[in-house]
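Q: The structure's right below; bear with me while I get my questions together.
The values are calculated or read from the model by the stated rules, or taken from the named source; none is laboratory data. All figures in this text were calculated on a predicted structure; none of them were measured in a lab. When we count neighbours, we look across all protein chains shown, and the Cβ atoms used for this are built from the backbone with ideal geometry, even at glycine.
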Amino acid sequence: MYVKLPGKVEQQIVAVDIGSVTLMGELTLPPLAQGIVVFAEGNGCSLNSSHHRYLAHMLAQERLATMLIDLLTTAEQAIDLRSKHCCCNIRHLAARLARVTDWLGKNPITRDLQIGYFGDRIGGGVALLAGCQRPQIIKVIVVCSGLTDLVGSILSQMETPTLLIVGEYDLPVIAMNEDTLAQIPTQNKCLKIIADATHNFGEPGAIEAVAKLTIEWFQHYLTNTNKKSSLPISNVAELKYEIKK
């Protein structure tokens with residue numbers, strides 16, 4: 001079912017069948033969408049993430065479609081409240097994200113759109129791993145506070161343009177993302193550190209800085225006809241410094 005939003009943006013609740021399970025998602029389609037961003041949440045429940053909803057709203061204003069998808073079923077989420085088994089299984093979640101990507105490629109509404117991933121915390125690792133599994137399909141990845149050490153050596157095969165965003169006070173994840181940046185062979189990669197921010201970017205202006213960087217990266221690599229060109233990404237005031245390798 002579609003829901004009309006202001007500015008003719010449309011929303012659709014979708015059921016994605018992958019094998020023996022059905023995953024629920026929310027598809028947002030602005031008019032003349034130029035690409036689509038799929039969100040991977042660390043606990044497998046992107047629909048409940050306020051940050052994801054905010055970023056999806058901001059992306060829609062820039063004519064980028066979005067897909068918020070729960071990578072775990074309701075039953076699996078209930079089990080995970082006790083065991084945390086499913087949400088920590090990065091390969092399981094990445095395999096599901098890859099299958100959701102295949103579904104988007106077959107859906108007549110989305111099949112002509114270039115696809116990118118956004119992931120945070122464990123979801124960042126999920127996005128990177130799924131991107132390695134669909135290298136010809138995924139055009140761009142943004143990872144925020146990503147636990148990227150979970151991905152492993154497959155990162156050495158990644159050629160997808162990748163932006164890593166970390167808060168200044170998230171020191172262990174900064175080191176982790178520096179290592180990840182060094183492993184990714186593509187030239188189109190960047191690590192951005194948001195000043196005075198922790199891992200959840202709850203500080204004033206922090207999530208807005210994340211949104212600005214995220215929009216720039218996706219706009220460039222999902223809509224630019226010259227996909228191999230590097231992006232001179234904005235030095236917004238909230239940034240502490242950037243690392244490029």
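Q: Going by the conditions given, is T73 of a type in the set (S, T, N, Q), modelled with pLDDT of 95 or more and over 22 Å from H199 (Cα atoms)?
A: no
Q: Please tell me if I174 is among the hydrophobic types (A, V, I, L, M, F, W, C), modelled with pLDDT of 95 or more and under 15 Å from the mean Cα position of the chain (by Cα).
A: No, not satisfied.
Q: Further, regarding this structure: Out of everything in region 76-97 that is over 18 Å from L147 (Cβ atoms), surrounded by fewer than 16 Cβ atoms within 10 Å (Cβ to Cβ) and not hydrophobic (A, V, I, L, M, F, W, C), what residue ends up being modelled with the highest pLDDT?
A: Out of the qualifying residues, it is R82.
Q: Let me ask something else about it. So if I check each of A33, A15, A56, which one is modelled with pLDDT of 90 or more, part of a loop (DSSP other than H, G, I, E, B) and of a type outside the set (D, E, K, R)?
A: A33 is the lone residue from the list that is modelled with pLDDT of 90 or more, part of a loop (DSSP other than H, G, I, E, B) and of a type outside the set (D, E, K, R).
Q: Among the residues of region 139-153, are any in contact with a Gly (Cβ under 7 Å, 6 or more places away or on another chain), of a type in the set (D, E, K, R) and modelled with pLDDT under 95?
A: No; the residues of region 139-153 include none that is in contact with a Gly (Cβ under 7 Å, 6 or more places away or on another chain), of a type in the set (D, E, K, R) and modelled with pLDDT under 95.
Q: Restricting to region 152-186, name every residue that is within 11 Å of G131 (Cβ to Cβ), assigned to a helix (DSSP H, G or I) and in contact with a Ser or Thr (Cβ under 8 Å, 6 or more places away or on another chain).
A: L155, the sole residue that qualifies.
Q: Let me ask another. List the pairs whose first member sits in region 52-64 and is more than 15 Å from Q219 (Cβ to Cβ), whose second member is surrounded by 17 or more Cβ atoms within 10 Å (Cβ to Cβ) and of a type in the set (A, V, I, L, M), and whose Cβ atoms are under 8 Å apart, counting only residues at least 6 apart or on separate chains?
A: H52/L68; R53/L68; Y54/I207; Y54/A211
Q: Please verify whether F201 is closer than 21 Å to S50 by Cβ and at pLDDT below 95, treating the condition exactly as stated.
A: Yes, satisfied.
Q: Then there is this: Quick one: would you say G131 is more than 21 Å from A15 (Cβ to Cβ) and touching a Cys at 6+ places or on another chain (Cβ under 8 Å)?
A: It is false that G131 is more than 21 Å from A15 (Cβ to Cβ) and touching a Cys at 6+ places or on another chain (Cβ under 8 Å).
Q: Sticking with this one: Mind telling me which of the residues G131, G146, G116 ends up being in a loop (DSSP other than H, G, I, E, B) and crowded, with 24+ Cβ neighbours inside 10 Å?
A: Among G131, G146, G116, only G146 is in a loop (DSSP other than H, G, I, E, B) and crowded, with 24+ Cβ neighbours inside 10 Å.
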